[in-house]
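Note sheet for the following structure.
The values are calculated or read from the model by the stated rules, or taken from the named source; none is laboratory data. The structure displayed is predicted, hence computed values, not measured ones. Cβ placement follows ideal geometry from the backbone for every residue including glycine, while neighbour counts extend to all protein chains displayed. Ligands, DNA and RNA are excluded from the accessible area calculation, which covers all protein heavy atoms including side chains. Shrake-Rupley method; radii C 1.70, N 1.55, O 1.52, S 1.80 Å.
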Amino acid sequence: MALPYKEKTSNKKEQVAEMFNNISAKYDFLNHLLSMGIDKLWRKKAVKIISQKKVDLLLDIATGTGDFALSALKLNPKKIVGVDISEGMLLKGKEKIIHKRLDDIISFELGDSEALQFDDNYFDAITVGFGVRNFEHLEIGLTEMLRVLKPGGQVAILEFSKPRKFPIKQLYHFYFINILPAIGRLVSKDASAYTYLPESVQEFPDGEDFIAILNKIGYNNAKQFPVSFGIATIYHADK
């Protein structure tokens, strides 16, 4: 199992929370720099995919500083709830939301994706941006998401994946292994966080393997939409 801080004895969940607390001050800057802003287009496409149905109440898991929640405003929901295990990331997100005067629509809660504090069949839609690979127990987290989703509701999961075709595969591997960690260390001052990122992506069961997991748990109509030559993938499924 990929861990941010291999020298520590704490579990993955605790280490991921610590890692994001450590990099929260620079996260937005680094996120958009390292993706060259393409991540904004990925979220926009994910929101478009779930826009075919009315969404009044939306849950954004691993919300971080709220970028996916902000993108989801285009759905005109009555309420968006963002959940994350990192207090540092939520603090930055709350500052952003208050500055934009959107705190009447978007709210943030400290919470564990594997033990969501919501009733069954509660949300119309759930989004997750670059978060499911950080779940300590992937199937437990996905099962919790299904539990709180209304019948007929939908999930949109945006996650890094592994390109298969030449030369994108080779360029992507070189960037992720050599350039990204170096920039991350320089800006965030956390040597482990941006080494963990490529390791967690390599370990994550992407593509058809992830679709198979969604089907196994009980999601319906699971589909994948690779973006930017397979650098990332949007997964969509219904309950």
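Scanning segment 29-67 for residues that are part of a helix (DSSP H, G or I), under 22 Å from D124 (Cα atoms) and out of contact with any Phe, Trp or Tyr (no Cβ under 9 Å at 6 or more places or on another chain) yields a total of 7. Hey, any hits in segment 126-136 for a residue that's of a type in the set (A, V, I, L, M, F, W, C) and more than 15 Å from the chain's Cα centre (by Cα)? For segment 126-136, residues of a type in the set (A, V, I, L, M, F, W, C) and more than 15 Å from the chain's Cα centre (by Cα): absent. Once segment 32-70 is narrowed to residues that are surrounded by fewer than 22 Cβ atoms within 10 Å (Cβ to Cβ) and small (G, A, S), the residue that is nearest to I157 (Cα to Cα) is S51. Residues in segment 188-220 that are among the β-branched types (V, I, T) and within 18 Å of L138 (Cβ to Cβ) were compared, and the one that is surrounded by the most Cβ atoms within 10 Å (Cβ to Cβ) is V201. Might you let me know whether segment 40-62 holds any residue that is touching a residue at least 24 places away in the same chain (Cβ under 8 Å), in contact with a strand residue (DSSP E or B) (Cβ under 7 Å, 6 or more places away or on another chain) and closer than 21 Å to S192 by Cα? Checked against the condition, which is being touching a residue at least 24 places away in the same chain (Cβ under 8 Å), in contact with a strand residue (DSSP E or B) (Cβ under 7 Å, 6 or more places away or on another chain) and closer than 21 Å to S192 by Cα, segment 40-62 yields at least one hit. Considering K223, K150, the condition of being of a type in the set (D, E, K, R), without any contact (Cβ under 8 Å) to a residue 40 or more places away in the chain, assigned to a strand (DSSP E or B) and open to solvent by 40 Å² or more (accessible area, probe 1.4 Å) is satisfied by K223 alone. Scanning segment 6-19 for residues being within 18 Å of G88 (Cα to Cα) and either part of a loop (DSSP other than H, G, I, E, B) or without any contact (Cβ under 8 Å) to a residue 12 or more places away in the chain (or both) gives a total of 1. The C-beta contact set for segment 193-208 (first residue more than 17 Å from F20 (Cβ to Cβ), second residue open to solvent by 50 Å² or more (accessible area, probe 1.4 Å), distance under 7 angstrom, 6+ apart or interchain) comprises G207/Q224.
When segment 77-116 is filtered for residues that are open to solvent by 90 Å² or more (accessible area, probe 1.4 Å), more than 18 Å from the chain's Cα centre (by Cα) and not acidic (D, E), the ones remaining, listed by number, are K78, I98, H99, K100, R101. Which residues, counting only those in segment 182-197, are over 17 Å from S86 (Cβ atoms) and out of contact with any Pro (no Cβ under 7 Å at 6 or more places or on another chain)? Hits for segment 182-197 are A182, I183, R185, L186, V187, A191.
Scan segment 117-128 for residues that are on the phi < 0 side of the Ramachandran plot and open to solvent by 20 Å² or more (accessible area, probe 1.4 Å) and the total you get is 6.
Looking only at segment 161-195, residues that are at pLDDT 90 or above and in a helix (DSSP H, G or I) come to 4 in all.
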